[in-house]
Each structure stands twice: as C-alpha cells, then as structure tokens.
1. Please list, in chain and number order, the residues 5+ apart from residue 80 or on another chain whose amide H is under 5 Å from its amide H, with Hs placed from the backbone.
2. Working out 0.36 nm times the residue gap between residue 45 and residue 68, then minus their Cα-Cα distance, what length gain in nm do you get to one decimal?
3. May I ask for the distance between the Cα centers of segment 31-50 and segment 58-79, given as a whole number of Å?
4. Can you compute the charge dipole magnitude of segment 2-103 about its Cα centre, using +1 on each Lys and Arg Cβ and -1 on each Asp and Glu Cβ, nothing else charged? Give it in debye, rounded to the nearest 20.
5. Among (i) 0.92; (ii) 0.95; (iii) 1.13, which is the computed Rg/Rh (Cα atoms, Kirkwood Rh)?
6. Under 15 Å Cα to Cα from residue 100, which aspartates and glutamates show up? Leave out anything in the same chain fewer than 8 places away.
7. How far, in degrees from 0 to 90, does helix 31-44 lean away from the longest principal axis of the Cα atoms of the chain, to the nearest 10?
8. If the cut-off is a Cα-Cα distance under 16 Å, which lysines reach residue 74, setting aside same-chain residues fewer than 8 apart in sequence?
Amino acid sequence: MRTLEMEFEQEQLKQMKAIHLKVGILSNIEPRLLQNAYVAYNQANPGYERVGLHIESVDIKVKCEVCTHVTHVKNYRFLCENCGRPTKNIIQGEEMLIHKVEFED
C-alpha cells in the first residue's frame, strides 16, 4: 500500500477498485497468507476495504547459460530442456510485482 500511496495522488487512491499482483513461486510469499494480511491491514487501516486484491502465481523459468534456451521449470528440476544441462539462471519466479491497478471510471 505504501508503494501505491507514493505513486498515486490521494484522489486517485479514492478511485482505486482493484490491485493485481504477480507473485513468483520462489518469492517465499504464500498467496493465501498475503490475502489474509491484506484483510487484516484493511481492518486496521480503513479506506481500502472496497479495493479487491487479486494474486496471480508466476511459474519458474530459467535461461540456459550454454544454449540460451528458456525452460519452464517443472518439479523444481532446474535443467535446460534443450541441452539437459543444469542451470541456476532464474529469469522468472522470484518476483512480487504490482502488475496492474484498476480505478473506477
């Protein structure tokens, strides 16, 4: 909420109706717990209770350092699906981003 309060003016915040987050599987953020924390925040800080929170989980992707192929990681096997080499070059799956903010018309 602090990030949004820094980015938008008070009048814009009053028009906000939804926040969309992207949370990577490796971010150590549990979407259910984040949703519960958002509800608790709204109880302690009235003003955003009408604003919905939508959380999208983001899968893990790695880019091979050898062949540069991008692989969607399954079962936490960090192997290039093209050449079979192990890789630790994570390009997606660690983030927590405010993806989109919706406002009333």
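Values quoted throughout were computed directly from the atomic coordinates according to the rules given, and no laboratory measurement underlies them. Because the structure is predicted, anything quoted here is derived from the model rather than measured. Don't worry about glycine lacking a Cβ; one is built from the backbone with ideal geometry, like all the others, and counts go over all protein chains shown.
1. Placed amide hydrogens put 85, 87 under 5 Å from residue 80.
2. Numbers: separation 23, 0.36 × 23 = 8.28 nm, distance 4.68 nm.
Working it through step by step, the gained length comes to 3.6 nm.
3. Taking the Cα centre of each part, segment 31-50 and segment 58-79 sit 34 Å apart.
4. Roughly 380 debye, rounded to the nearest 20.
5. So the calculated entry is the one marked (iii).
6. Straight-distance partners of residue 100: 5, 7, 56.
7. Taking Cα atoms only, the helix is inclined about 20 degrees.
8. Leaving aside lysines fewer than 8 places away in the same chain, those within reach of residue 74 are 61, 63, 88.
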